[in-house]
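Trainee: Let me begin by handing over the structure; questions about it come next.
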Amino acid sequence: MIDEPRRINPVLRLGIWASDKAVGKRLLQARLLAWVPRAAVGAGAMEALVVHRDRTISERILKLVRIAVSLAANCAFCIDMNSHEFDLAGITDDELDALRRDGLAPTFTPRERIAIRFARLLTATPLAVDDATRAELTSLFDDREIVVLATTAAQVNFWARLTHGLGIPPAGFSEACAL
């Protein structure tokens, strides 16, 4: 929808290079954020400090949350990126297909099921997390884990809305994970 800025601040250029290197792709989001350096720095800080690198919750659950939010937000780029290498997190093809259908695979544990439901609720409009979900969530996760789940879902929501709003197409992380 918009072109990249012709001139990018050298500090931002370094951050863009690091982002590209970290994911192995040329990220258009980082370049477009260079139009508003404060937004670029804020987004970069959020990404650098993201809680999904926190080992409080298994990588499998966090990957399921990122995929569920990407699908619920209907962001092709996010689905492509967050579904990439799903198998490395122990997610099967059948489980990925269940998520795509807005369902839950029978192999998901109770913690995985509620984490996925919570992520979908945090992505829906209007935003509404019911008492039953809260009760189940607090029975299966401690306070810190709930914050990790919520911030992971919020982070993917941020990127989904920014990416979709700027008309950024999938980057080709995985052919198997298209919409």
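The values are calculated or read from the model by the stated rules, or taken from the named source; none is laboratory data. Just so it is clear, the structure is predicted and the values come from calculations on it, not from any experiment. Don't worry about glycine lacking a Cβ; one is built from the backbone with ideal geometry, like all the others, and counts go over all protein chains shown.
Trainee: Pairs, please: C-beta under 8 Å, at least 6 apart or cross-chain, first residue not assigned by TED's automatic domain parsing to the domain that holds V129 and of a type in the set (S, T, N, Q) and in the range 144-170, second surrounded by fewer than 18 Cβ atoms within 10 Å (Cβ to Cβ) and modelled with pLDDT of 95 or more?
Mentor: none
Trainee: Right, here's the next one. Give all pairs with beta carbons closer than 9 Å in which a residue from the range 12-29 that is touching a residue at least 60 places away in the same chain (Cβ under 8 Å) meets a residue that is assigned to a helix (DSSP H, G or I) and of a type in the set (D, E, K, R); count only pairs at least 6 apart in sequence or on separate chains.
Mentor: Pairs found: R26/D20; L27/D20.
Trainee: Would you confirm whether or not the range 96-119 contains a residue that is under 12 Å from the mean Cα position of the chain (by Cα), aliphatic (A, V, I, L, M) and either crowded, with 18+ Cβ neighbours inside 10 Å or not in a loop (DSSP other than H, G, I, E, B) (or both)?
Mentor: yes
Trainee: List the number of the failed condition for F141; all other conditions in (1) surrounded by fewer than 14 Cβ atoms within 10 Å (Cβ to Cβ); (2) more than 17 Å from the chain's Cα centre (by Cα) hold.
Mentor: (1)
Trainee: For the list (1) assigned by TED's automatic domain parsing to the domain that holds D143; (2) without any contact (Cβ under 8 Å) to a residue 60 or more places away in the chain, I need the number of the one condition that E85 fails.
Mentor: Here E85 clears every test but (2).
Trainee: A follow-up question, please. State which residue is surrounded by the fewest Cβ atoms within 10 Å (Cβ to Cβ) when the search covers only the range 144-176 and only residues that are in a helix (DSSP H, G or I) and over 14 Å from the mean Cα position of the chain (by Cα). Working first, answer last.
Mentor: As a first pass, look at the range 144-176 and keep what is in a helix (DSSP H, G or I): 144-165, 175-176.
After this cut, where a residue has to be over 14 Å from the mean Cα position of the chain (by Cα) as well, the list is 144-147, 165, 175-176.
Values: R144: 12, E145: 18, I146: 17, V147: 14, G165: 10, E175: 8, A176: 12.
Checking each candidate, the answer is E175.
Trainee: Next question, about the same structure. So, L127, is that one hydrophobic (A, V, I, L, M, F, W, C), under 28 Å from L49 (Cβ atoms), free of Cβ contacts under 8 Å to residues at least 24 places away in the same chain and surrounded by 17 or more Cβ atoms within 10 Å (Cβ to Cβ) or not? Don't jump to the end; show me each part of the working.
Mentor: On the way: hydrophobic (A, V, I, L, M, F, W, C): yes; under 28 Å from L49 (Cβ atoms): yes; free of Cβ contacts under 8 Å to residues at least 24 places away in the same chain: yes; surrounded by 17 or more Cβ atoms within 10 Å (Cβ to Cβ): no.
Considered against the rule, which asks whether it is hydrophobic (A, V, I, L, M, F, W, C), under 28 Å from L49 (Cβ atoms), free of Cβ contacts under 8 Å to residues at least 24 places away in the same chain and surrounded by 17 or more Cβ atoms within 10 Å (Cβ to Cβ), L127 comes out as no.
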